[in-house]
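As structure tokens, the structure follows; a few thoughts come after it.
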Amino acid sequence: MFVAKKLDKRLSDLGGTPIIERGLGDDQHPSGYEGSLDPWMSLLWSSLYQINPSLFPIGVDVVPDMKLLDQSKVSVRYHVKDGASLIYSTTPDLESRASQIERARLMSPARFPSDKSRPHCWLKMTRNCLLTRAGSGRDVRHLEFGFHSIEVEYEVGDVVEMLPSQNPDAVDAFIRRCNLDPESIITVQLRDSSNPDADVDADAASGLPVRLRTFVESTMDVASASPRRYFFEVMSYFATAEHEKERLEYFASAEGRDDLYQYNQKERRTVLEVLEDFPSVQMPFEWLIQLIPPLKTRAFSISSSPIAHPNEVHLTMSVVSWVTPFKRKRYGLCSKWLAGLDPQQGVFVPVWFQKGLLPAPSPSLPLILIGPGTGCAPFRGFVAERAVQSQYGPTAPILFFFGCRNKEDDFLYSDFWLFHSQDGGVLSEEKGGGFYVAFSRDQPRKVYVQHKMQEHGQRVWDLLSNGASVYIAGSSTKMPSDVMSTFEEIISKESGVPKEAAARWLRALEKAGRYHVEAWS
């Protein structure tokens with residue numbers, strides 16, 4: 001919601017006029033986000049129809065014929081297993097693996113960006129340690145990787161994307177359930193939508209083939225993501241058991257939306273689990289490729305500095321887990337996989353580097369950092385880098401506000417922060433900065449980073465007045481907006497201006513590139 005609201009505000013600031021009121025989905029709605037999406041989409045089509053009826057020549061209320069199923073948008077070609085195919089399909093070296101990943105993702109109908117197809121490099125895990133107290137109920141890890149063969153240049157504030165490895169047993173189970181041959185050599189191509197009789201999109205016809213199993217494990221999220229409603233509709237066409245067909249048709253209908261949400265989204269049932277629940281369904285591989293959610297890379301803020309940690313990449317990762325209404329324990333695909341890796345096994349991970357939303361600051365730029373929880377990740381790199389820079393010349397102060405639940409359970413990198421906040425370190429008060437931590441659950445009244453900011457409002461205002469840039473990282477729920485409101489209160493109080501003027505001052509700070517937010521859900 002944070003991104004949607006920010007985009008809507010930006011478009012309005014640029015003079016845009018909304019066609020209809022902004023729509024915001026709510027996962028807590030009895031029907032999930034689609035409970036809000038469906039009526040909003042209906043209103044959008046009606047509004048567009050009123051603006052330009054030619055966009056919908058047969059109207060917006062036409063009900064599609066549920067008895068007809070068009071052909072899939074993709075075509076699969078099976079190739080003879082000749083010697084050449086087997087060479088580049090089974091060679092185990094990392095260069096060959098990178099090439100296979102690239103070919104599979106380039107031919108996927110998900111249309112992964114070309115620069116996100118071939119990994120920039122491979123990282124080898126060298127350290128995997130627990131940051132939270134064992135038994136605390138939270139699993140936050142510090143991970144370290146070394147570059148293998150090629151070293152990619154990065155800056156503090158950058159992001160690394162990783163392609164998670166799916167459970168091999170789950171991939172094998174999916175392939176068996178769908179009666180597929182994992183050793184088949186295939187190419188996957190989009191059909192030419194402008195010519196329904198044409199078999200494939202000519203632009204994709206030159207793609208080099210890959211093993212079917214390689215394609216599945218590199219592009220299709222079979223054991224983590226939940227299928228969409230259209231998946232159930234297409235399944236109903238291929239169900240041979242009458243009771244399964246009826247149930248699938250009900251799930252795909254407007255009347256069955258609430259029950260589908262309870263069965264599918266709330267339980268986060270995977271594609272494999274859904275297929276196993278309807279054993280009479282035998283969907284062609286083409287339809288599975290089209291409908292199964294793509295296997296996406298996962299992005300992590302880098303928590304190291306190339307100056308302080310040469311040839312290394314560090315990450316701070318929370319293992320995602322939750323319990324469904326039926327008491328099933330679920331885990332995030334990538335975080336669970338990474339947490340279970342043993343550095344002694346020499347595992348190589350395909351990665352891509354990209355610029356984040358937190359630009360690398362110059363040593364002379366004063367900083368105000370707000371990073372509760374794993375939001376501290378990029379700021380560990382900021383502080384480590386400035387500590388090295390301070391050995392060669394003067395550096396500007398850093399004021400850092402960190403927050404967690406308990407001092408004993410999840411005070412992430414406590415020794416690191418405390419070391420740099422003492423004896424003239426880059427976070428020390430004698431250097432003009434400071435390190436302040438909010439333990440939200442260690443007292444009856446909850447204390448958050450914004451409370452610590454208010455306690456030290458004078459120091460915040462002094463740094464802002466001296467040209468400091470603000471960096472915020474963490475959850476996108478309420479934290480970014482609460483922090484901005486706190487800044488408005490501090491500016492208003494310390495400068496003696498109305499809160500409206502303080503809000504305008506902050507907006508000017510944003511436009512000047514001195515207020516940065518990196519938030520995630």
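The values are calculated or read from the model by the stated rules, or taken from the named source; none is laboratory data. Small disclaimer: the values here were computed from a predicted structure and weren't measured. When we count neighbours, we look across all protein chains shown, and the Cβ atoms used for this are built from the backbone with ideal geometry, even at glycine. Side chains are part of the model used for accessible areas, which takes the heavy atoms of the whole protein and leaves out ligands, DNA and RNA. Shrake-Rupley method; radii C 1.70, N 1.55, O 1.52, S 1.80 Å.
For the reader, a short list of remarks on this structure follows.
- With all protein chains kept in place, the per residue accessible area of the chain amounts to 49 square angstrom at a probe of 1.4 angstrom.
- Of all lysines in the structure, the ones whose alpha carbon falls short of 21 Å from that of Lys73, not counting any fewer than 8 places away in one chain, are Lys296.
- Percent of Cα pairs in the range 409-521 per distance bin of 5 Å, from zero to the largest separation: 2, 10, 17, 23, 22, 15, 8, 2, 0.
- Helix-only arithmetic for the chain: the sum of -39500 (n - 2.57) across DSSP H runs with n ≥ 4, divided by the residue total, places the mean residue ellipticity at 222 nm at -10500 deg cm²/dmol.
- Extension gain, Trp520-Leu37: 0.36 nm per intervening residue step, less the Cα-Cα distance, totals 171.8 nm.
- Positive-end residue, the chain charge dipole about Cα centroid, Cβ charges, pick of Ser54, Val460, Gln345: Val460
- Segment Ile307..Lys478, full-extension length gain: 58.2 nm, with 0.36 nm per residue of separation and the alpha-carbon distance subtracted.
- Long-range HN-HN contacts of Thr132 with modeled amide H, under 5 Å: Val140
- Positive contributions from Lys and Arg (+1) and negative ones from Asp and Glu (-1), summed over other residues with Cβ under 11 Å from the Cβ of Phe379, come out at 0.
- The peptide list 405-415, 471-481, put in order of mean Cβ contacts within 10 Å with the highest first, becomes 471-481, 405-415.
- Unit Cα scatterers, Debye sum, the chain: log10 I(q)/I(0) for q = 0.07, 0.08, 0.10 Å⁻¹: -0.50, -0.65, -0.98
- Note on Leu94 and Phe419: their simple-model spin labels are 2.7 nm apart, each label 7 Å out from Cα toward Cβ.
- Each peptide in 163-170, 377-384, 441-448 gets a packing score, the mean of other Cβ atoms within 10 Å over its residues, and the list from highest to lowest is 377-384, 163-170, 441-448.
- Relative contact order of the chain, pairs being alpha-carbon contacts under 8 Å that are 6 or more residues apart, as %: 15
- Per-residue Karplus couplings for the range 323-339, computed as 6.51 cos²θ - 1.76 cosθ + 1.60 with θ equal to phi - 60°, are listed in order as 10, 7, x, 8, 6, 8, 7, 10, 10, x, 4, 6, 5, 5, 5, 5, 4 Hz, Gly and Pro entered as x.
- The chain - percent of accessible surface contributed by carbon and sulfur, probe 1.4 Å: 52
- Protection proxy ranking of 501-508, 320-327, by the mean of other Cβ atoms within 10 Å over each peptide's residues and highest first, is 501-508, 320-327.
- Between Asp259 and Arg133, the FRET efficiency from the beta-carbon distance, with R0 = 35 Å, is close to 0.30.
- Listed by chain and number, the aspartates and glutamates whose C-alpha is less than 15 Å from the C-alpha of Lys9, apart from same-chain residues fewer than 8 away, are Glu21, Glu510.
- Candidate aspartates and glutamates for bridging to Lys124, where Cα separation is under 15 Å - those fewer than 8 sequence places away on the same chain excluded: Asp93, Glu95, Glu144, Glu151, Glu161, Glu312, Asp342
- The charge dipole of the range 353-439, taken about the Cα centre with unit charges on the Cβ atoms of Lys, Arg (+1) and Asp, Glu (-1), comes to about 320 debye, rounded to the nearest 20.
- Note on Val447 and Arg77: the model spin-label points, each 7 Å out from Cα along the C-beta direction, lie 6.7 nm apart.
- Radius 15 Å from Cβ of Gln100, net charge of other residues (Lys, Arg +1; Asp, Glu -1): +1
- Extension gain for the segment Ala508 to Glu153, taken as residue separation times 0.36 nm less the Cα-Cα distance, is 124.6 nm to one decimal.
- Positive-end residue, the chain charge dipole about Cα centroid, Cβ charges, pick of Ala239, Leu44, Ser304: Ser304
- Cα centroid separation, the range 433-456 to the range 483-521 (Å): 19
- Radius 14 Å from Cβ of Gln450, net charge of other residues (Lys, Arg +1; Asp, Glu -1): +1
- Distance from the Cα centroid of the range 365-424 to that of the range 217-289 is 47 Å (rounded to whole angstrom).
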